[in-house]
Amino acid sequence: MAVNWELQGCCDRNQRIFIAAVGVSTVVILLLWRTFLLTPFKLITVFLHETSHALACKLTCGDVEGMQVHANEGGVTQTRGGIYWIILPAGYLGSSFWGMVFILASTNLLTTRIAAGCFILALVIVLFVADNWFLRWLCIGFVVFIAVVWVIQEFTSFHILKYVILFIGVMNSLFSVYDIYDDLISRRVHSSDAEKFAEICPCPCNGFAWGVIWGIISFIFLCASIYLGLVILS
């Protein structure tokens, strides 16, 4: 019985640490939102947005001709072929999904290492399809950053890597929700993914409506990541 109480206490402690880490990450992100300190993490969210477009293209038998991320937090992915109505929403929804994956991966040291390894692999692959040097330097910078953090974790008792992965996950989730609101809901950008999607989708929804729908789905991803993280740690 004492063992059960000990296990219960350990689970409660891990859950409290997880909630605190998500809360601290959220507060830090909101406080630094308009500062240059958060810019690299915003750009990596744009990177995952464009990567999601590229993955959707490849998974639907299309070709990725190039990808760019710019200093103004914009990005573009050139594709040929594939299923367009899957490729278009993949950017916003994909970045929300990766945010959830990173948050859940941070709940375990093994999954943290797997997420970090896959992230580094994705950054290296994008080096070969990037169309601009800004994206290449962004990839190189984050490869070095994650590698250094990983080495620090392996040679110290502080599990810093999982908190970095968690922070990237929370950043990705919050920024994707904000990006959907800013690009698709608060103002009508006629070249946006939602407006293009509305043109080809038979459903009688305009770009604004699709923005709301995608925003709700992204927020659900964020809530689900926190809930499932607590379930995993229970």
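No value in this document is a laboratory result; all are computed from the given coordinates. For clarity, every value in this text was computed on a predicted model and none was experimentally measured. A quick note on method: Cβ atoms are made from the backbone with ideal geometry, for glycine too, and the neighbour counts reach across all protein chains shown.
Structure values in brief
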{"read-out": "Net dipole in debye of the chain [+1 Lys, Arg Cβ; -1 Asp, Glu Cβ; about Cα centre; nearest 20]", "value": "300 debye"}
{"read-out": "Whole-number Å³ per residue for the convex hull built on Cα positions in region 165-234", "value": "93 Å³"}
{"read-out": "Residues whose placed amide H lies under 5 Å from that of Thr79, excluding near-sequence neighbours", "value": "Glu65"}
{"read-out": "Rounded to 10°, Cα long-axis angle of helix 2-31 versus longest principal axis of the chain", "value": "40 degrees"}
{"read-out": "More than 29 angstrom apart: percent of Cα pairs within the chain", "value": "30 percent"}
{"read-out": "Acute angle (nearest 10 degrees) that the helix 84-105 long axis makes with the longest principal axis of the chain, alpha-carbon atoms", "value": "10 degrees"}
{"read-out": "Relative contact order %, the chain, counting alpha carbon pairs below 8 Å whose residues are six or more apart", "value": "24 percent"}
{"read-out": "Between region 193-230 and region 98-176, the Cα center-to-center distance that results, in Å", "value": "25 Å"}
{"read-out": "Theoretical ellipticity at 222 nm over the chain - DSSP helices of four or more residues, -39500 (n - 2.57) apiece, nearest 500", "value": "-25500 deg cm²/dmol"}
{"read-out": "Virtual spin-label span in nm between Ser157 and Leu32, 7 Å along Cα→Cβ", "value": "2.7 nm"}
{"read-out": "Set of lysines with alpha-carbon distance to Lys196 below 26 Å, sequence-local pairs under 8 removed", "value": "Lys42, Lys58"}
{"read-out": "Degrees separating the helix 39-59 axis from the principal Cα axis of the chain, which is the longest one", "value": "60 degrees"}
{"read-out": "Length gained when the stretch Phe134-Leu121 is fully extended (0.36 nm per residue, less Cα-Cα span)", "value": "2.9 nm"}
